[in-house]
Amino acid sequence: MFDPIVQHRCEAVHSFAHSPSSNPQAPWRAIVAVHSTQRGPALGGCRFVPYSSDQAALNDAVRLAQGMSRKAALAGLDLGGGKAVIMMPEGVFDRQALFRWFGLCVERLSGEYITAMDAGTQVGDMDDVFKHTRHVASHSQIGDPSPHTARGVFLSMEQVITQILGQSIGSSRIAIQGLGHVGMSLAERLLVAGAQVWVSDLDAERCKVAQQLGATVVAPDQILQQPVDVLAPCALGAIISAETVDALQCQAIVGAANNQLATAQIGAELQQRNIVFAPDYLVNAGGLMFAAGRYHGWSDDRIAEQIEQIPSRLQEIVELSEQRQHPVNVVADALADEAIALGQFSTTQQGLEREALWNL
Ligand code: NAD
């Protein structure tokens, strides 16, 4: 039980169980992993998916919680990282009652953990959680974070295209995998800015909408190898792998999907091929900034200002990567881990002197 907690350097893991009177044979089980509260309360979504075992659920919770700490730290937010997983019960269950019970679990942690939507949960579920705790950052009164995520990705892409590739966004060619909440919003922004956009999605209706906006639709198995300036993965994780890396024909990867690199070593493969990789958890932090901002009662201007800082942070990390000759993902992880430990984000000048980079 303790191995994954130690491996991911998690501060605490809380387990909750409840046997509902309607079906006591299928108890509700939830795990809340609090990776770090060094910078503030641990914010992170709640997954509601089937797990093959308690161990699989625990592994997922601690791994994802560490990712949230890194994301909040690089975003410069006064937040730590956490994640909840609710193991989907077998058979019939009362969904509303389950999420209200989960709200009580979160409330017992007295604000140490702030929950939000994640795979398998919807805004309505978070409204049920909100009935028992105020420590929720994505109920219906807060709103959809996706356009803010898309804005952060768009601004990051603009930075890469203009400052690193030396082109203009209006003359650039972009391929987007996935036209969901983030991908469609990103496609709209790019088309308005004059870029040429290729898209793919498993959902033909979404492809049709993007086509009407001016994008060119390609088959899902063709999108990664489009000859473009920037590839924007906005669907699945682990899509840049040993199997796909050789087929890439882009100069940069800037997208919203979490955990795009199948392994950390793929970052070095991209570096060898001169493909700029924008760390996913840095460029997709706009949604987190929006949710955290709303939770803390920030103004819309303050949230927008936070999101506008993402590109300069990306530029710093890419420059550090070039200066130190380490892959961008390795530099980002090292700086994020140090920011978690120190409780602050270092600027470029401090970053150059950081022990974290000397020790890589
Ligand atoms: P979504 O579920 O709304 O959209 C995902 C889209 O990808 C769907 O339209 C789906 O049909 C499509 N898709 C799935 N497999 C595909 C494939 N093989 N090829 C092409 N398309 C495929 O999700 P979203 O909210 O837009 O998020 C997209 C990604 O960004 C996810 O990885 C998510 O974890 C990450 N992310 C989202 C946010 C946010 O604010 N929504 C924030 C941070 C990270």
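The values are calculated or read from the model by the stated rules, or taken from the named source; none is laboratory data. Note that the structure is predicted; figures quoted are calculated from it, not measured. When we count neighbours, we look across all protein chains shown, and the Cβ atoms used for this are built from the backbone with ideal geometry, even at glycine. For the accessible areas, the whole protein counts, side chains as well, though only heavy atoms, and no ligand, DNA or RNA atoms are used. Shrake-Rupley method; radii C 1.70, N 1.55, O 1.52, S 1.80 Å.
Descriptive notes on the structure:
- Failed condition for ASN259, given (1) on the phi > 0 side of the Ramachandran plot; (2) free of Cβ contacts under 8 Å to residues at least 60 places away in the same chain; (3) in contact with a Gly (Cβ under 7 Å, 6 or more places away or on another chain): (2)
- When ALA42 is tested against (1) over 24 Å from GLY293 (Cα atoms); (2) among the small types (Gly, Ala, Ser); (3) open to solvent by less than 30 Å² (accessible area, probe 1.4 Å), only condition (1) is not met.
- Some residue of region 292-300 being within 25 Å of ARG9 (Cα to Cα) and surrounded by 19 or more Cβ atoms within 10 Å (Cβ to Cβ): yes
- Cβ separations smaller than 9 Å between residues 6+ apart or across chains give the following pairs from region 176-187 residues that are part of a helix (DSSP H, G or I) to residues that are near the ligand (Cβ under 6 Å from one of its atoms) and of a type in the set (Lys, Arg): GLY183/ARG206; MET184/ARG206.
- Among residues of region 59-80 that are among the basic types (Lys, Arg), those with a beta-carbon under 7 Å from a residue that is outside any helix (DSSP H, G or I) and open to solvent by 10 Å² or more (accessible area, probe 1.4 Å) at least six positions away or on a different chain give the pairs ARG63/HIS8.
- Check on ALA242, of a type in the set (A, V, I, L, M, F, W, C), on the phi < 0 side of the Ramachandran plot and near the ligand (Cβ under 9 Å from one of its atoms): no
- Residue list for region 123-167, restricted to those being away from the ligand (no atom under 16 Å from the Cβ), in a loop (DSSP other than H, G, I, E, B) and hydrophobic (A, V, I, L, M, F, W, C): LEU165
- Some residue of region 263-279 being touching a residue at least 60 places away in the same chain (Cβ under 8 Å), within 13 Å of the ligand (Cβ to nearest atom), closer than 22 Å to LEU64 by Cβ and open to solvent by 10 Å² or more (accessible area, probe 1.4 Å): no
- Tally of residues being over 10 Å from ALA30 (Cα atoms) and within 19 Å of the chain's Cα centre (by Cα) across region 45-59: 3
- Residue satisfying all of: in region 173-196; farther than 12 Å from PHE154 by Cβ and at pLDDT 95 or above; farthest from the ligand (Cβ to nearest atom) among these: GLY194
- For the criterion of being part of a loop (DSSP other than H, G, I, E, B), open to solvent by 40 Å² or more (accessible area, probe 1.4 Å) and more than 12 Å from the ligand (Cβ to nearest atom), GLN212 fails.
- Test for ARG324: is it touching a Leu at 6+ places or on another chain (Cβ under 7 Å), touching a residue at least 12 places away in the same chain (Cβ under 8 Å), under 22 Å from LEU190 (Cβ atoms) and open to solvent by 10 Å² or more (accessible area, probe 1.4 Å): no
- Filter pass, LEU335 being touching a residue at least 60 places away in the same chain (Cβ under 8 Å) and either open to solvent by less than 10 Å² (accessible area, probe 1.4 Å) or farther than 24 Å from ALA187 by Cβ (or both): yes
- Scanning region 170-179 for residues that are open to solvent by 20 Å² or more (accessible area, probe 1.4 Å) and within 23 Å of LEU248 (Cβ to Cβ) yields SER171, ARG173, GLN177.
- For region 71-85, the set of residues classified as touching a Pro at 6+ places or on another chain (Cβ under 9 Å) and not in a loop (DSSP other than H, G, I, E, B) consists of LEU74, GLY80, GLY82, listed by residue number.
- Qualifying positions in region 225-253 - buried (at least 21 other Cβ atoms within 10 Å of the Cβ) and of a type in the set (A, V, I, L, M, F, W, C): VAL228, VAL230, LEU231, ALA232, CYS234, ALA235, ILE239, ILE240, CYS250, ALA252, ILE253
- Exclusive hit being aliphatic (A, V, I, L, M) and over 23 Å from the mean Cα position of the chain (by Cα), set VAL276, VAL228, VAL245: VAL228
- Here ILE317 fulfils each of the conditions (1) open to solvent by less than 10 Å² (accessible area, probe 1.4 Å); (2) among the aliphatic types (A, V, I, L, M); (3) within 16 Å of the ligand (Cβ to nearest atom) apart from (3).
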